[in-house]
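Q: The structure's right below; bear with me while I get my questions together.
The values are calculated or read from the model by the stated rules, or taken from the named source; none is laboratory data. Being a predicted model, the structure only gives us computed values, none of them experimental. Using ideal geometry, Cβ is built from the backbone for each residue, glycine included, and neighbour counts are taken over all protein chains shown. What goes into the accessible areas is simple: the full protein's heavy atoms, side chains included, and nothing from ligands, DNA or RNA. Shrake-Rupley method; radii C 1.70, N 1.55, O 1.52, S 1.80 Å.
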Amino acid sequence: MTKLQHVKAIEISILVYPHLLITSLTLPIEMLRAGEAFAKSHPQQNEFKPLNINLVASSLKAIPNRTGLAIMPDCETVTAPASDLIIVPGIWRNPRPVVSKQQSLVNWLGDSWQQGSHIIGVGTGNCLIAEAGLLDGHPATTHWHYAEQFKRDYPKVQLKPDFFITQSERMYTVASLNALADVIVHIISQYYGREAAQHVERNFSHEIRKPYEDQRYLEGAVDKHPDELIAQIQFWLKNNLTSELTLQEIAAQFSLSYRTFTRRFRQATSQTPVEYWQQLRVQTAKELLASSNLSIQEVALEVGYNDQGHLTRVFKKVLSQTPSEYRTVVRRKLFG
């Protein structure tokens, strides 16, 4: 028996039912498998854990789909393994008729949550989670077309239709397939690390979006954190990427010692000021590389780096590729 067989797998369950949006079933499976394959071929210090993915349904009968592809469940709710992660796919068109016939899945979701599962709901699939009462008093999003119906059906849920992602403890809800892809990249980074997540993002992302952490509605966050002075400094940093001031000088502008500034910034954001400012600059550079014809040198200057070499060193450290390589990959996906 190999060492791999002794390692406990990560148990992932995906609910399946009639009229599900099949892309919201296949996309996470392909992304998760890609992350798993990368991690397996790039041994890290942490022990590799394989994925065990099961399609869970109310019965083992084949489920017809509007694409003409029948879905074959792997197990019923009564035999499904305890799950580390559960994905609830979107529902094609009006979710009410589907939800009304899936009480066993609704009950299983509630039981699984109590046992510690993480749950990702996609679009109108979030109605099944809401039906289980798991979203009562918590933020959630859904497909824009059914937002008003969702409000009427689940008035106890704090619907956030302007957000594509919400997170509440172990619960994620997303409004679109692109947002689902962003959350799956986030999950892969937790399972297999940053390099695996970046590999999957480069191969599956079809457009440039903000990172998962920047676009979610996080329950309990007050403008991300309650430190108003640090929030003001963050706003200043976002709007002054090309400033030649040092962080020490910026802290002084806001009447803080650098030591106090660093301590409060880390406490509020879980990042150092240096990490945060670098993240802002890299994200802006990514957007410029994707959407403009500026040279690499011009992009570097636009985000506050004094030469192309500096930007290249940061890109290779953060993204494991040069700005030119990044632009080539992104342009191929955007315009190819």
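Q: Output the number of residues of segment 26-79 satisfying the condition of being among the small types (Gly, Ala, Ser) and in a loop (DSSP other than H, G, I, E, B).
A: Number satisfying all stated conditions: 5.
Q: Just the residues that are in contact with a Leu (Cβ under 9 Å, 6 or more places away or on another chain) and part of a helix (DSSP H, G or I), please, taken from segment 158-188.
A: Once the filter is applied, which keeps residues that are in contact with a Leu (Cβ under 9 Å, 6 or more places away or on another chain) and part of a helix (DSSP H, G or I), segment 158-188 yields Leu177, Leu180, Ala181, Ile184, Ile187, Ile188.
Q: Would you check which residues across segment 80-105 are more than 23 Å from the chain's Cα centre (by Cα) and not in a loop (DSSP other than H, G, I, E, B) and list them?
A: Arg96, Pro97, Val98, Val99, Ser100, Gln103, Ser104, Leu105
Q: Can you name the helices (runs of 4 or more DSSP H) wholly within segment 231-322 that have at least 2 residues being in contact (Cβ under 8 Å) with a residue 40 or more places away in the chain and surrounded by fewer than 17 Cβ atoms within 10 Å (Cβ to Cβ)?
A: 273-291
Q: Look at Trp108 and say whether it is in contact with a Lys or Arg (Cβ under 8 Å, 6 or more places away or on another chain), hydrophobic (A, V, I, L, M, F, W, C), part of a helix (DSSP H, G or I) and open to solvent by less than 80 Å² (accessible area, probe 1.4 Å).
A: For Trp108, the condition - in contact with a Lys or Arg (Cβ under 8 Å, 6 or more places away or on another chain), hydrophobic (A, V, I, L, M, F, W, C), part of a helix (DSSP H, G or I) and open to solvent by less than 80 Å² (accessible area, probe 1.4 Å) - is not met.
Q: Which residue out of Ala82, Ala34, Ala62 is of a type in the set (Gly, Ala, Ser), over 29 Å from His145 (Cβ atoms) and open to solvent by less than 70 Å² (accessible area, probe 1.4 Å)?
A: After applying the criteria, what remains is Ala34.
Q: Please give the number of the condition Thr23 fails out of (1) surrounded by fewer than 16 Cβ atoms within 10 Å (Cβ to Cβ); (2) modelled with pLDDT of 95 or more; (3) under 21 Å from the mean Cα position of the chain (by Cα).
A: Unmet for Thr23, out of (1) surrounded by fewer than 16 Cβ atoms within 10 Å (Cβ to Cβ); (2) modelled with pLDDT of 95 or more; (3) under 21 Å from the mean Cα position of the chain (by Cα): (2).
Q: Taking the condition assigned to a loop (DSSP other than H, G, I, E, B) and surrounded by fewer than 16 Cβ atoms within 10 Å (Cβ to Cβ), does Thr328 pass?
A: No.
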